[in-house]
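Notes follow once the structure below has been shown.
Coordinate-derived values only; no laboratory data. Computed from a prediction, not measured in an experiment: that's the story for all the values here. Heads up, the Cβs are rebuilt from the backbone with ideal geometry, glycines too, and the neighbour counts pull from every protein chain shown.
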Amino acid sequence: MAGAGNDFVVIDAHNGLNYKKLTAQVCDRNNGIGADGLLVLDRSKKADYRMRIINADGSEAEMCGNGARCMAAYIVRHRHPKKKLFSLETLAGTILAEAKGEVANVRLSDPKDYRPNIPLDVNGRTIHVHYIDTGVPHTIIYVDGLKDMAVKNLGQTVRFHENFKPRGTNANFVEQLSDDLVAVRTYERGVEDETKACGTGAVATGIVTYLKMNPDLRQAKNARMKVKTVSGEILNVTFDLQNEKITNVWLKGSAKFIAKGEYYV
């Protein structure tokens, strides 16, 4: 499956599988199927379903926005839930999801640890970045000339920067195109490269840009920002602000079915 160009292999949980080892094999683009990660649909004791997200390097991610949309569409197609809006347990908390065909909408856990204008020493010069945790840690760097950025090299430097140890961070390079549209390129932790899209990165980018444009805002209902990914797809981010607390965050976009088949373990 693919969400805005972020691609995943989706499976039902199986007892006895070493997911770390399996994911490394499955995600290999030459000797496997090829994907940014593996999504596992499992049973949950506290939600309708449980989603596990294994990155291509075998590490388990707390959250993945594009993956959550793919899993939502997968559940609707294969589990036929009675509820239109169902819950998904993740390591970042319980999220809500709905899907129709190949479009899905997910409500993520409330972002935390928003820190604007952090001075960061990168390659001998100081830049100012913004940080927010949207289920996974994200750093936002505003740039001019996004298409010419050396995202892999700069992204790797930010991702492993001592300021963000021990968890590390995803690095998002952002160019504002208009009042309600930004373009983003993301170096993803766990994939350790630029990806065609990152859902939690799009959410982080949309929220931080809106707050940067409205620095005195304390309350907002249905604030929105459109985020253009490298794949060309525009993701829709909406959220509320209650006494400066970011809540009710939704991410809407594609969740495409590419192929189904058998993989030999």
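H78 meets all of the listed conditions (1) surrounded by 13 or more Cβ atoms within 10 Å (Cβ to Cβ); (2) out of contact with any strand residue (DSSP E or B) (no Cβ under 7 Å at 6 or more places or on another chain) but one, namely (1). Kindly indicate whether any position in region 67-77 is in contact (Cβ under 8 Å) with a residue 24 or more places away in the chain, closer than 16 Å to V136 by Cβ and among the small types (G, A, S). The answer is yes; a qualifying residue exists. In region 82-128, the residue that is nearest to E162 (Cα to Cα) out of those that are of a type in the set (G, A, S), part of a strand (DSSP E or B) and in contact (Cβ under 8 Å) with a residue 40 or more places away in the chain is G93.
With a requirement of 1 or more residues that are surrounded by 17 or more Cβ atoms within 10 Å (Cβ to Cβ) and of a type in the set (F, W, Y), the strands (runs of 3 or more DSSP E) lying completely within region 1-60 that satisfy it span 6-12, 49-55.
Counting residues in region 129-147 that are surrounded by fewer than 17 Cβ atoms within 10 Å (Cβ to Cβ) and part of a strand (DSSP E or B) gives zero.
With a requirement of 3 or more residues that are over 16 Å from the mean Cα position of the chain (by Cα) and either without any contact (Cβ under 8 Å) to a residue 40 or more places away in the chain or within 24 Å of D110 (Cα to Cα) (or both), the strands (runs of 3 or more DSSP E) lying completely within region 154-265 that satisfy it span 170-178, 220-228, 234-242, 245-254.
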